[in-house]
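The values are calculated or read from the model by the stated rules, or taken from the named source; none is laboratory data. Fair warning: this is a prediction, and the values are worked out from it, not measured in the lab. Cβ placement follows ideal geometry from the backbone for every residue including glycine, while neighbour counts extend to all protein chains displayed. In case anyone asks, the SASA skips ligands and DNA or RNA and just uses the protein heavy atoms, side chains included. Shrake-Rupley method; radii C 1.70, N 1.55, O 1.52, S 1.80 Å.
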Amino acid sequence: MNVFQIPWLELAIAGSLVGALGVSRVRDPLAAARWGYAFTGAVFACTFLAWLGFYLGTPREVVEQWSAQPHLFGTVLFAVDELNAPLVPMIALLHFLTALATTRTKMRRFSFSWSLCSEGIRLALFGCTNPIGIAVILIAGTIPPYLELLNRGKPARVYAFHMILFAVLLVVGLVFADVDGHHRTQSALATVPLMAAILVRCGAVPAHCWITDWFEHASFGNALLYVTPLAGVYAAIRLVLPIAPEWVLQSISIISMVTAVYAAGMAAIQRDTRRFFAYLFVSHGSLVLVGLELVTTTSLTGALALWFSIGLSLSGFGLTLRALESRFGRLSLTRYHGLYEHSPTLAVCFLLTGLASVGFPGTLGFVSTEVLTDGAIEADLYVGLAIVLTAAINGIAVVRAYLLLFTGARHQSSVSLQIGARERFAVLVLAVMILGGGLYPQPGISTRHKAAEEILKDREGRVVPAAPVPHEEVAAKPD
């Protein structure tokens, strides 16, 4: 037995849940933070080894020999495959860096035990391949954010309404769906509720208000960790894409495209940094959905690559905004703040991560946006042009926010507002990954291309293809 035959994914899920229980019993905030760093770091190490073992070719059957899942569930629910292999360590890394970048002033408001509990739920979700298991974990994952809003004394009605709607639609869709694929056609009673559930969870227009409300009232760290992994996109790939007919996918694509353009425009005119970030996130998440539902190998590869890219870049962007908030409080975008002199490192990270999210050349986002645009133009020219327009507006929004926050009259302060060592480490790790992925993108794109081929192969075996247009009809059409 070698080290890669150990079921590291199971250990990561169990470790985060055990860590949540252990940290919840520590009353001193500083001690809780130290234990939080240790547990999130150990969980990230486990997920990294799971990812490494998968790409080194460790057979799944060998790993399952040492698994406790058959004894607990009667089957294997959690496993690493081509789709989730890079996503699982990415989620663990984001939790580790967010915990590490939490300043002393935020430690009393950032619950490390709830963060570890949420991390366990997210790792279980992204490691699960069973449709029923995914649905159960998705619904369970909506509870910790609701409790956080209650604990903070913030209004939770908007969030609760949308999550209850999401849960009801998801359950109704799965009740009528043939998730095992015994039939190659699905009832509209299954596909329409599933489509609506995915759109609500992803914050598509007009159900986007729960995301802006969530960022408005939750702690920035937990808000960031809840939305940036794009759990709704994962559900779309596992639950909808394999069984949905083409008209359902086209409907999701059209609604997502409208959402992407609308949210980009809203991000460009926001007067508050949190709402600006929320709309920027909604726009990018919708672009990923657009690429998925075009159902071509190129567009799907671009969407999967963009998913990973914005997971890193928007997390770095959010951590930079969070670091600014911890020093200057909530910042408005109605005047120039002149913060560059106090925080030049934050200014550079803000611009780098923001531009990476919109596909600036030399960054990880550039190649993924390029592949997504090429795939969209192959499928539909107007969708490709809309993606370019969305990226341009998002770029304008990022540059506008940078100019308002970091330029203008110098901010006067009698205390040092420089970035701390742990914050610097967190944002620099993400910056190195963004630039490294941009300068050497081939390995990442290759893995996403392979995952896209497997998704389409699975769909071809479970869905009746659209009827081709008869040759006589094509020939009869006027030029």
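Give the number of residues within region 126-154 that are open to solvent by 20 Å² or more (accessible area, probe 1.4 Å), touching a helix residue (DSSP H, G or I) at 6+ places or on another chain (Cβ under 8 Å) and within 30 Å of residue 50 (Cα to Cα).
So the count comes out to 6.
Kindly evaluate residue 75 against the criterion of being in contact with a Phe, Trp or Tyr (Cβ under 9 Å, 6 or more places away or on another chain), of a type outside the set (Lys, Arg), assigned to a loop (DSSP other than H, G, I, E, B) and at pLDDT below 90.
no
Condition test on residue 264, is it crowded, with 23+ Cβ neighbours inside 10 Å, in contact (Cβ under 8 Å) with a residue 40 or more places away in the chain, over 30 Å from residue 108 (Cβ atoms) and in the same structural domain as residue 134 (by the TED database)? Break it down into steps so the answer makes sense when it comes.
On the way: crowded, with 23+ Cβ neighbours inside 10 Å: yes; in contact (Cβ under 8 Å) with a residue 40 or more places away in the chain: yes; over 30 Å from residue 108 (Cβ atoms): yes; in the same structural domain as residue 134 (by the TED database): yes.
The answer is yes for residue 264.
Considering (1) of a type in the set (Val, Ile, Thr); (2) touching a residue at least 40 places away in the same chain (Cβ under 8 Å); (3) open to solvent by less than 40 Å² (accessible area, probe 1.4 Å), say which one residue 76 fails and leave the rest.
Unmet condition: (2).
Anything in region 43-54 that is without any contact (Cβ under 8 Å) to a residue 40 or more places away in the chain and open to solvent by 50 Å² or more (accessible area, probe 1.4 Å)? List them, or say none. Explain how you work it out, then say what you get.
Of region 43-54, the ones without any contact (Cβ under 8 Å) to a residue 40 or more places away in the chain are 45, 51, 54.
Within region 43-54, 51, 54 qualify.
Which is among the aliphatic types (A, V, I, L, M), closer than 30 Å to residue 455 by Cβ and not assigned by the TED database to the domain that holds residue 428, of 116, 30, 100, 52?
52
Just for region 305-351: of the residues that are assigned to a helix (DSSP H, G or I) and basic (Lys, Arg), which one is surrounded by the most Cβ atoms within 10 Å (Cβ to Cβ)?
Here the residue is 322.
Kindly provide the set of residues from region 56-72 that are open to solvent by less than 90 Å² (accessible area, probe 1.4 Å) and either outside any helix (DSSP H, G or I) or out of contact with any Pro (no Cβ under 9 Å at 6 or more places or on another chain) (or both), ordered by number.
Those that are open to solvent by less than 90 Å² (accessible area, probe 1.4 Å) and either outside any helix (DSSP H, G or I) or out of contact with any Pro (no Cβ under 9 Å at 6 or more places or on another chain) (or both): 57, 58, 59, 62, 67, 68, 70.
Are any of the residues in region 108-121 in contact with a Ser or Thr (Cβ under 9 Å, 6 or more places away or on another chain), under 24 Å from residue 55 (Cα atoms) and either open to solvent by less than 10 Å² (accessible area, probe 1.4 Å) or assigned to a loop (DSSP other than H, G, I, E, B) (or both)?
Yes, some residue in region 108-121 is in contact with a Ser or Thr (Cβ under 9 Å, 6 or more places away or on another chain), under 24 Å from residue 55 (Cα atoms) and either open to solvent by less than 10 Å² (accessible area, probe 1.4 Å) or assigned to a loop (DSSP other than H, G, I, E, B) (or both).
In region 155-177, which residue that is crowded, with 17+ Cβ neighbours inside 10 Å and of a type in the set (Gly, Ala, Ser) is modelled with the lowest pLDDT?
Step by step, filter region 155-177, then rank; the result is 177.
Only residues that are among the charged types (D, E, K, R), farther than 17 Å from residue 366 by Cα and either in contact with a helix residue (DSSP H, G or I) (Cβ under 9 Å, 6 or more places away or on another chain) or touching a residue at least 12 places away in the same chain (Cβ under 8 Å) (or both): list them for region 424-458, please.
424, 450, 453, 454, 458
Can you run down the residue pairs with Cβ atoms below 8 Å, 6 or more apart or on separate chains, where the first is in region 329-341 and in contact (Cβ under 8 Å) with a residue 12 or more places away in the chain and the partner is among the basic types (Lys, Arg)?
330/274; 332/271; 333/271; 333/400; 334/271; 338/410; 341/410
Within 20 Å of residue 125 (Cβ to Cβ) and either open to solvent by less than 60 Å² (accessible area, probe 1.4 Å) or free of Cβ contacts under 8 Å to residues at least 12 places away in the same chain (or both) - does that describe any residue in region 19-31?
Keep residues of region 19-31 that are within 20 Å of residue 125 (Cβ to Cβ), which gives 19-21.
Checking which are either open to solvent by less than 60 Å² (accessible area, probe 1.4 Å) or free of Cβ contacts under 8 Å to residues at least 12 places away in the same chain (or both) leaves us with 19-20.
Yes, some residue in region 19-31 is within 20 Å of residue 125 (Cβ to Cβ) and either open to solvent by less than 60 Å² (accessible area, probe 1.4 Å) or free of Cβ contacts under 8 Å to residues at least 12 places away in the same chain (or both).
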